[in-house]
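Working notes for the structure below.
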Amino acid sequence: MPTASFESAADSDIEPQIRDPELRRHRAMEQADVSAPGSLLADDPSYTHSDASTDGRQSYIARVADGAYNYGAIALDTYEVRALCSDTALAFGDLKMTAQVRGAHTNIHNRGAAVWVRRDGNWLLTAYQPTPARSL
């Protein structure tokens, strides 16, 4: 069940504002939709992958377009949003998916942290950092 922690009651509307673009981002990943990142990514994002490679806006879109990343269904098991201020929020999620990454099949289970900023009224992903989850 999604939970949210906010700095004030006035920020309680940020969670659904972040959840929507997060779900659109995951849907775009599943469908290899190269048009969606244009409306979801900031101009200068730092998008880190499970293998520690990092993409900016153009390189991420290019890799999706050329099929370097081919994601199966993405399961978001837990979800939390923390508002840092009215225009910056952190989103945390436990993600499970299968993928073809540069032709190799892999199962991915990450705990991810996403930084969202509001620019000109739109929430944009400015950073993403996954941490591979493992059983202890």
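Every read-out reported here was derived from the displayed coordinates using simple, explicitly stated rules and does not represent laboratory data. In this text, all values refer to a predicted model and were calculated from it rather than measured experimentally. Here Cβ is always computed from backbone atoms with ideal geometry, including for glycine, and neighbour counts include all displayed protein chains.
Things to note:
- Amide hydrogen neighbours beyond the local backbone of residue 72, cut-off 5 Å, H modeled: 98, 99, 100
- Residue-averaged 222 nm ellipticity for the chain, from DSSP H runs of 4+ at -39500 (n - 2.57), nearest 500: -7000 deg cm²/dmol
- Estimated inter-spin distance, residue 32 and residue 106, nm [label 7 Å along Cα→Cβ]: 1.7
- Sum of side-chain charges, residue 101 neighbourhood, beta-carbon under 14 Å (Lys, Arg +1; Asp, Glu -1): -1
- Around the Cα centre of the stretch 3-132, unit charges on the Cβ atoms of Lys, Arg, Asp and Glu (plus for the first two, minus for the last two) sum to a dipole of about 340 debye.
- Axis angle, to the nearest 10 degrees, between helix 14-31 and the longest C-alpha principal axis of the chain: 10 degrees.
- Modelled label positions at residue 80 and residue 44, each set 7 Å beyond Cα in the direction of Cβ, lie 2.9 nm from each other.
- Sorting 51-59, 124-132 by average packing, meaning the other beta carbons within 10 Å per residue, from highest down gives 124-132, 51-59.
- Overall dimensions of the chain by Cα: Rg and Dmax, Å: 14.6, 47
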